[in-house]
1. Within 14 Å, Cβ to Cβ, of G308, how many net charges do the neighbouring residues add up to if Lys/Arg are +1 and Asp/Glu are -1?
2. Taking the mean number of other Cβ atoms within 10 Å as a proxy for protection, how do you rank 263-274, 57-68 from highest to lowest?
3. Just the accessible area for E9, please: 1.4 Å probe, Å², rounded to the nearest 10?
4. For n ≥ 4 DSSP H runs only, could you compute -39500 (n - 2.57) per run for the chain, divide by its residues and tell me the 222 nm figure to the nearest 500?
5. Where a ≥ b ≥ c are the square roots of the eigenvalues of the C-alpha gyration tensor, would you call the range 314-391 rounded, which needs a/c under 1.5, or, failing that, prolate if a/b is larger than b/c, or oblate?
6. To make sure I understand the rule: partners must be aspartates and glutamates, Cα under 18 Å from the Cα of K5, and not fewer than 8 residues away in the same chain. Which ones qualify?
7. Is the chain rounded, prolate or oblate when judged by the Cα gyration tensor, a ≥ b ≥ c being the square roots of its eigenvalues, rounded requiring a/c under 1.5 and prolate requiring a/b larger than b/c?
8. Work out the charge dipole of the range 358-507 with +1 on the Cβ of Lys and Arg and -1 on the Cβ of Asp and Glu about the Cα centre, then indicate which of G412, F379, F476 is farthest towards its positive end.
Amino acid sequence: MLDQKNIREIIDYYATSTPDKICFEDACNNTQITYRELQQKARQVTQFFQRKNIKKGQSIGFAMCNSLDSCLVILGALYGGFRIVAINLVSGEKVISYVVEHSETVLIITDADSEALVTSAKQASSNLCPLMRYDAIWREIIQQGSETNNFDTISPDDDGLLIYTSGTTGVPKGVVLSHKNLLAGAHNTVLAHELTANDKALCSLPLYHINGFCVTLLAPLLSGGGSVFDKKFSVKKFWELIHQHQCTWFSLVPTQIAYLTHDEAYKNFDNHKSESVRFGRSASSALAPSLQRDFEQKFKVDIVETMGLSETAAQILSNPLPPKPRKTGSPGIAFGNQVKIIDEQGKEMPRNQEGEIAVKGDNVMGYYLKNPEATQSSFTADGWLKTGDLGKQDDDGYFFITGRAKELIIKGGENIAPREIDDMMLAFPEIIEAAAFGKEDRAYGQIVEVAIVTEDNDNFDCNKFMDYLTQQCGKFKAPSKIHMMTELPKGPSGKVQRLKLENILYP
């Protein structure tokens, strides 16, 4: 890992060592930027914020689709020592309003696609901070003329990113990540995936999500490589962008992998479009083994399953790259931080026994903003972050996720892990998305029901599917009802929010 202690030092390092190397490309308008240009523009953005009398450590919100412009807002704010606030564009006006108010954001930067949404959401907030379009900012930057180098000193422990969790109950929590946390999170990705200056990522997840932010923006920056940004993920454009920009890796969520695998346009896929790719990466939720197998067979690209959290600056676990051993159904082993399985008292569990996954390392957040109670309850007495995920560690050190503690279905006193049923459903040929969930029941406490999205809902044989599930998981775990949906509720990362299903289906 480089010796640089903050994002500014990383940008300055590559602006000096590889000034003419292209670091970021915008697929929407075919523009690109070198490391020297990145440094220049980051400084100009910093000085713009300084001219607005924004002080070091104050919150600047970004509410933008993925683009070269959004990268410059983010990195310009980090370069100046400001705290950048990720505003989730799919979280709804109520949450956006809460985030703007809770974060004490002093300025929101937006784009043409997001301006109306954020303007409407901000009206419900008591925070009267200004909202500016990026193009207007850049016009003002040009008019201001030459730059200076009067920048505040940045400590590794200074706040860098404020990102809000997409919880299913209550208000979201503001995760505060320092420059040290962000660089450590990026380093864990570089280490696990053996990234070099020759690698180029396709960013298919929004930068207001921790995966897009740390994995496909900061990790390529830390390794001196590059990234390609498109406004949003497109099944139709995905492989064309990979081929056109000669990307060597990508990071997706299982839902995106499923839609690529099932799309009719790729029935007879021409593998020359994936020849530049070293590996693909799956994150944010469990990847069904059957889906991983089908994707790899169709596209001839190895998928590396990983696990990460907002609170840990993304990645905590990853499978090694081939030809090193991967374990299907496992998010892998620890890279760059420590991970263990603990019991309710925080004591480490023996191998192959279920408990809660806990993590410790420089990538782990310092605190939740204005929420000392949640901060304290999230850590063990000796400083391990409790993730809320249940799992086991096998004899080889690989972790297996068995579910979320809050998502367990308890039927007649028996615990049922919904992940187990999910994997069985996703192995059925016509299923694209699937989630098991618990529904309240007078006799059993909870019963199992499932929601699915298929290739053709109108012609799907539910009786055949029910017979298959009963055979696979037995009568007790088999669902009492199947709900056909056009889309399952998801958070900003594409992770299915199963705890919302009962409220949606039984309002």
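1. -1
2. 57-68, 263-274
3. 70
4. My calculation for the chain gives -9000 deg cm²/dmol from helical runs alone.
5. Working: a/c = 2.65, a/b = 1.57, b/c = 1.69.
Since a/c reaches 1.5 but b/c is at least a/b, the shape of the range 314-391 is classed as oblate.
6. Correct list for K5: D152, D157, D158, D159, D362.
7. Prolate.
8. Farthest along the dipole direction, towards plus: F379.
The values are calculated or read from the model by the stated rules, or taken from the named source; none is laboratory data. Bear in mind that the values here come from a model prediction, so they are computed numbers and not experimental data. Here Cβ is always computed from backbone atoms with ideal geometry, including for glycine, and neighbour counts include all displayed protein chains. For accessibility, only protein heavy atoms count, side chains too; no ligands or nucleic acids. Shrake-Rupley method; radii C 1.70, N 1.55, O 1.52, S 1.80 Å.
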